[in-house]
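Chemist: Sharing a structure below in structure tokens format, with a few things to ask.
Read-outs throughout are calculated quantities, based only on the coordinates presented, and are distinct from any laboratory measurement. These numbers were taken from a predicted model, which means no experiment stands behind them. A quick note on method: Cβ atoms are made from the backbone with ideal geometry, for glycine too, and the neighbour counts reach across all protein chains shown.
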Amino acid sequence: MREITICWNNILGRGTSKAGKVMELTVEFNDKAKSGVKKSFVFGVIEKTAKESGLEFAPNKKFSMSMAMVNPEEIRRLNKIYRKKDMTTDVLSFSEYKNRKELELAGDKNVFLGELVLCYNEIERYAGEKKLDLKKELINVIAHGTLHLLGFSHGRVMFDIQNKLWTE
């Protein structure tokens with residue numbers, strides 16, 4: 001298991017928020033599937049996604065989340081249990097908050113966002129089938145799941161953030 005803490009400044013890039021307060025996001029990453037995806041890549045996508053999502057409302061908050069890369073059997077099992085769908089999928093998001101408003105109202109200084117579970121094999125299969133760049137599809141899936149943990153639902157705002165990251 002690998003962990004990193006990311007601090008950033010919405011104006012200057014790293015350090016503190018507009019209000020001069022540090023915002024942190026700690027990410028725990030477990031590559032159970034031995035996918036070979038580099039942790040620096042994963043953390044970079046999550047950091048950019050968090051920055052683009054606009055966490056200005058959260059100065060002095062310490063966010064944390066976990067992410068696991070699992071095999072097709074494991075994601076299928078989880079998908080069957082939690083979504084009642086007996087099939088593999090690329091990503092499952094287990095968010096602690098129902099929506100952005102609920103997240104914004106979280107009173108604790110330490111805020112656990114939830115967990116992402118990704119299936120590298122499924123992402124790779126889908127990218128190949130659709131003739132997509134695998135790296136871009138990984139960015140898309142990691143950003144998508146992270147945005148759900150940050151309280152976003154499917155819609156224009158969420159997809160605009162995803163598309164911005166995907167095209168960079």
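Chemist: Could you go through the stretch 69-83 in sequence order and give the Karplus-derived ³J(HN,Hα) for each residue, using 6.51 cos²θ - 1.76 cosθ + 1.60 with θ = phi - 60°, rounded to whole Hz, and x for Gly and Pro?
Modeler: 9, 10, 7, x, 5, 5, 5, 5, 4, 5, 5, 5, 5, 8, 10
Chemist: To the nearest 0.05, what FRET efficiency results for ARG77 and LYS98 with a Förster distance of 30 Å applied to their C-beta separation?
Modeler: The computed FRET efficiency comes out at 0.75.
Chemist: Let me ask another. Once amide H atoms are placed 1.01 Å from N in the peptide plane, what residues at a sequence separation of 5 or more from MET69, or on another chain, have their amide H within under 5 Å of its amide H?
Modeler: ASN30, ASP31, LYS32, ALA33, LEU118
Chemist: Follow-up. For ASP108 and LYS130, calculate 0.36 nm times their separation in residues minus their Cα-Cα distance, and state this gained length in nm to one decimal.
Modeler: 3.7 nm
Chemist: LYS61's amide H: which non-local residues (gap 5+, or another chain) put their own amide H closer than 5 Å, with H modeled 1.01 Å from N in plane and none for Pro or chain starts?
Modeler: Counting only residues 5 or more places away or on other chains, the set is GLU24.
Chemist: Could you tell me whether the stretch 44-156 comes out rounded, prolate or oblate from its Cα gyration tensor? Rule is a ≥ b ≥ c as square roots of the eigenvalues, rounded for a/c under 1.5, then prolate if a/b exceeds b/c, otherwise oblate.
Modeler: prolate
Chemist: At 0.36 nm per residue, and after removing the present C-alpha to C-alpha distance, how many nm does the segment from LYS39 to HIS154 gain when stretched out fully?
Modeler: Difference between extended and current length: 38.8 nm.
Chemist: For the pairs LYS39/LYS130; LYS48/LYS135; LYS109/LYS164; LYS34/LYS135; LYS34/LYS136; LYS39/LYS131, note any where the Cα-Cα span goes beyond 27 Å.
Modeler: Numbers: LYS39/LYS130 25 Å; LYS48/LYS135 15 Å; LYS109/LYS164 29 Å; LYS34/LYS135 16 Å; LYS34/LYS136 19 Å; LYS39/LYS131 25 Å.
Violating the 27 Å limit, Cα to Cα: LYS109/LYS164.
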